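Student: Submitted below is the structure of interest, expressed as structure tokens.
The values are calculated or read from the model by the stated rules, or taken from the named source; none is laboratory data. Everything numeric in this text was worked out from a predicted model, so none of it was measured. Here the Cβ positions follow ideal geometry from the backbone for every residue, glycine too, while neighbour counts run over all protein chains shown.
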Amino acid sequence: MGYGSNNISVKGIIGTVLYFLSFLSYLYVIHCGIYGQYFGMQDISKYYGLDGMILAFLFGFLYMIPLPFCLIYQIIFFCKFIRHHTILKMASFILSVIFIFAFLLVAITVN
């Protein structure tokens with residue numbers, strides 16, 4: 001019944017689904033890079049591209065509650081569960097590469 005066994009548990013399935021759903025919070029960061037994001041109450045300024053994504057990520061840790069919890073959950077879930085399962089490791093790697101490519105694409109092309 002350890003992590004290395006091939007038994008599938010409901011807890012493992014729910015944890016895996018939550019792990020992959022936690023990547024959806026990064027879509028907010030990509031969205032801010034493409035469409036810009038307003039920051040500040042007095043100063044209404046809009047930031048696009050890399051600036052928008054960096055500010056969305058930084059302000060996301062302050063104002064967007066799911067973003068820090070998603071990142072912490074991903075790290076803990078990877079250390080406890082995914083490193084023992086090759087298929088989940090490969091799926092996680094592919095999803096991470098897709099998001100990194102999207103961040104770089106938005107940072108380079110959006111001004």
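Student: Answer yes if at least one residue in the range 35-44 is surrounded by 13 or more Cβ atoms within 10 Å (Cβ to Cβ) and modelled with pLDDT of 80 or more, and no otherwise.
Tutor: no
Student: Among the residues of the range 9-23, what is the count of those that are hydrophobic (A, V, I, L, M, F, W, C) and modelled with pLDDT under 85?
Tutor: Number satisfying all stated conditions: 2.
Student: Could you tell me how many of the residues in the range 77-91 are touching a Phe, Trp or Tyr at 6+ places or on another chain (Cβ under 7 Å) and under 13 Å from Leu18 (Cβ atoms)?
Tutor: Matching residues across the range 77-91 total 2.
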